[in-house]
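Notes follow once the structure below has been shown.
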Amino acid sequence: MQHQLQIAADHLKRAQRLVVLSGAGVSKESGIPTYRDAQEGMWQQYKPEDLATPAAFKKNPKLVWDWYAARRQAVTAVQPNRAHLAIAALQTLIPQVTVVTQNVDRLHTRAGSHDVIELHGSIMELKCFDDCQGDPTILDETSLGADRDGVPTCPHCGAFARPNVVWFTEYLSESKLERARDFCQACDVLLVVGTSGIVQPAASLPYYAKRWGSAFVIDVNPNDNEIATIADLALRGAAGDVMTAILALLTNT
């Protein structure tokens, strides 16, 4: 394993452009349950597909907001972990570092990463359910206080607001996806951390980096997964352990 870690560090030392693609496995080490594991307490009677859809919101917007309030509370109660912090630290060592995350918890930003593409949005923002084209709004006491029947309203048009996340049956933002593809195609190293490579279209990004670019792909995951089939290097272990070890080699600490 030490030899593999050194190979990863050597490639990162030479890199001018790095993309980090992160998934639920990174946030899980902060105590954030994965999407499927998040149904606890009163929410055990629901499947995510019963709550995270436009149809569910139309049927019972208060129920959906209550579920996201519980998830948001869980996120704000934890801190970025060693993997988040190590990824943020790479910005001081490599000229261009872009984080592309499937997570909606904003822990990368809290850790100090400043160029983060949130493919699936953020539960820390709201946007208009009627798509009035107003910009997403940060969730705070002001935005949550402007509600109707216990549901936040859009500050631009007054319609019901919804969490600024991608729901089942919805497509990712094309502009975000295009940016992520462009960065992956141009990067020297693609570091895939804590994702199984199953959920599309994020799972296609390593293929862009390999097929239309010349990236060295590193897969960091406790388990074998789809990414490993195309990765140049597979590092098996918890994200925090592996990323901390790589950072130590880069900084000689």
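The values are calculated or read from the model by the stated rules, or taken from the named source; none is laboratory data. None of the values given here were measured: they were computed from a predicted structure. FYI the Cβ positions are ideal-geometry reconstructions off the backbone, even for glycines, and counts take in every protein chain you see.
Descriptive notes on the structure:
- Near pairs, Cβ below 7 angstrom, 6+ apart or cross-chain, from the stretch 1-16 (in a helix (DSSP H, G or I) and surrounded by 15 or more Cβ atoms within 10 Å (Cβ to Cβ)) to any residue that is among the aromatic types (Phe, Trp, Tyr) and modelled with pLDDT of 95 or more: 11/216
- A single entry from 115, 135 fulfils the requirement of being under 30 Å from residue 187 (Cα atoms), in the same structural domain as residue 205 (by TED's automatic domain parsing) and modelled with pLDDT under 95: 115.
- Every condition in (1) out of contact with any Gly (no Cβ under 6 Å at 6 or more places or on another chain); (2) at pLDDT below 95 is met by residue 220 except one, and the failing one is (2).
- Those strands (runs of 3 or more DSSP E) lying entirely in the stretch 177-253 with at least 1 residues among the charged types (D, E, K, R): 216-221, 233-236
- Among the residues making up the stretch 58-84, those that are within 30 Å of residue 248 (Cα to Cα) and crowded, with 18+ Cβ neighbours inside 10 Å are 75, 80, 81, 82, 83, 84.
- Flag not set for residue 135, criterion: outside any strand (DSSP E or B) and buried (at least 19 other Cβ atoms within 10 Å of the Cβ).
- Selection count, the stretch 161-176, where residues are in a strand (DSSP E or B) and either polar (S, T, N, Q) or out of contact with any Lys or Arg (no Cβ under 7 Å at 6 or more places or on another chain) (or both): 3
- Test: residue 91 is farther than 22 Å from residue 150 by Cα, of a type in the set (S, T, N, Q) and either free of Cβ contacts under 8 Å to residues at least 40 places away in the same chain or surrounded by fewer than 20 Cβ atoms within 10 Å (Cβ to Cβ) (or both): yes
- Looking only at the stretch 22-48, and only at residues there that are outside any loop (DSSP other than H, G, I, E, B) and surrounded by fewer than 12 Cβ atoms within 10 Å (Cβ to Cβ), the one that is modelled with the highest pLDDT: 45
- Residue 82 touching a helix residue (DSSP H, G or I) at 6+ places or on another chain (Cβ under 7 Å), modelled with pLDDT of 95 or more and among the basic types (Lys, Arg): yes
- Residues that are surrounded by fewer than 18 Cβ atoms within 10 Å (Cβ to Cβ), in contact with a Phe, Trp or Tyr (Cβ under 9 Å, 6 or more places away or on another chain) and of a type in the set (Val, Ile, Thr) do not occur anywhere in the stretch 176-193.
- Qualifying residue in the stretch 138-155 (condition: in the same structural domain as residue 61 (by TED's automatic domain parsing), more than 21 Å from residue 205 (Cα to Cα) and within 19 Å of the chain's Cα centre (by Cα)): yes
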